[in-house]
Amino acid sequence: MKKTTLQDVAREARLGIATVERVINGRGGVTEKTAEKVIRAAKKLGYGERSTETHRGAIRIEVILVRPETSFFARLNQAFERISASLDRAVILHRTFIKESDPIGMAHHIANPSFRRSGLIICSQDHPKVIEALRQVRATGVEVAQVVTRCDDPEVPYLGIDNYAAGRSAAYYMSGMLAARPGNFAAICHSGAYSNHRQRIQGFSDYMAERSAEGHALSLVMMGRDDDLQCAELLGEALRRDPEIIGVYSAGGGDEGVAIVLQQWAKQRDIFWVGHELTEKKKRYLESGLLDICLDQAPEVQARRSVDLILRKLDIIRTEVITDPVRFMTVSAQNL
């Protein structure tokens with residue numbers, strides 16, 4: 001094969017040879033935008049390694065997440081941290097946490113970053129302002145991908161599980177295991193702010209509606225905002241009001257609150273519990289029988305695929321990236 005030359009890189013970057021030579025040899029005097037163009041062109045054409053060494057971090061990808069105090073997002077953040085350590089030296093991942101209760105602030109940060117970005121990976125509620133900010137960013141040439149949940153814009157790639165299928169699976173396991181016990185099911189999620197929670201509840205509800213004659217019904221959906229105290233209060237009140245509740249589906253967070261309530265009711269009522277995300281505490285709940293099924297959405301896979309997708313779109317890597325829904329894992333006490 002023909003050896004790639006500086007002329008080839010200059011042609012690909014649409015810059016002069018002198019400019020490309022300055023970037024490749026690290027002699028300065030060029031803007032970050034120009035350096036990025038050269039590095040991307042060199043990577044795409046497979047030209048040498050000096051450009052990587054002399055322009056470390058020329059390509060910056062920001063990862064925007066929420067709620068670092070939760071076990072799930074801590075796990076997702078750690079996955080991005082590990083991936084960052086393995087990347088080409090020309091690429092840097094910036095991880096940013098923004099308050100989920102401030103979608104306007106989220107939108108402002110998306111549209112007004114403090115540094116130049118080549119790519120953006122985001123988890124956010126699908127607020128109109130956030131969607132508009134993502135459109136503005138994409139219009140400037142920044143590559144964008146979503147993880148965990150998607151916004152209402154089909155043009156933005158989503159790397160995550162099929163949340164509707166997860167909800168249906170929760171209903172499938174619950175109704176199957178409780179086939180001999182007629183009664184009501186209750187579900188609890190964050191709110192209507194996140195599409196992944198809406199889709200899970202919709203999947204659960206649809207499955208139950210299709211089998212309404214089997215002695216089970218979804219009698220209540222609660223919005224706990226993934227807060228342990230709020231989830232505990234809502235579930236405790238629901239169990240007091242409805243003695244027919246025999247199953248609980250936790251479609252989001254706040255599971256510590258759910259666990260406390262179910263432990264309190266354990267001697268009075270046998271309640272089947274399906275939750276999300278396998279944590280160390282969830283493992284103990286599965287082992288004790290308090291939690292029956294845990295659906296884990298493999299955040300490590302979501303992180304890896306989202307980074308790979310951005311790198312592929314930036315021509316940093318050439319391999320194709322799988323964009324099919326990430327397979328969620330069904331975990332019980334039998335396969336811990």
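The values are calculated or read from the model by the stated rules, or taken from the named source; none is laboratory data. Note that the coordinates shown come from a computational prediction; the quantities given were computed from them, not determined experimentally. Cβ placement follows ideal geometry from the backbone for every residue including glycine, while neighbour counts extend to all protein chains displayed. Heads up: the accessible areas ignore ligands, DNA and RNA and are worked out on the full protein's heavy atoms, side chains in. Shrake-Rupley method; radii C 1.70, N 1.55, O 1.52, S 1.80 Å.
Estimated from the Cβ-Cβ distance and a Förster radius of 30 angstrom, the FRET efficiency linking residue 45 and residue 114 is about 0.45. For the range 82-232, relative contact order (Cα pairs under 8 Å, six or more residues apart, normalised by length) works out to 18 percent. If you take the Cα centroid of the range 258-336 and the Cα centroid of the range 221-257, the two points sit 19 Å apart.
Put a dot 7 Å past the Cα of residue 212, heading toward its Cβ, do the same for residue 78, and the two dots end up 4.5 nm apart. Under 12 Å from a point placed 7 Å out from the Cα of residue 177 along the Cα-to-Cβ direction: which residues of the range 250-283 have their backbone N that close? Residues passing the 12 Å test: 250, 271-276. Restricting attention to the chain, close to 10% of DSSP beta bridges with both partner residues there are antiparallel.
Annotation for the range 139-230: GluC sites (Glu not before Pro) lying in DSSP loop with at most 14 further Cβ atoms inside 10 Å of their Cβ are 155. Nearest 5 is fine: what % of DSSP beta bridges in the range 221-336 come out antiparallel, could you say? Expressed as a percentage, antiparallel bridges in the range 221-336 total about 35.
Counting protein heavy atoms only, the chain has 49 percent of its accessible area on carbon and sulfur, 1.4 angstrom probe. Between the beta carbons of residue 191 and residue 89, assuming R0 = 56 Å, the FRET efficiency works out to 0.85 to the nearest 0.05. Between residue 17 and residue 240, the contour length at 0.36 nm per residue exceeds the alpha carbon distance by 72.7 nm.
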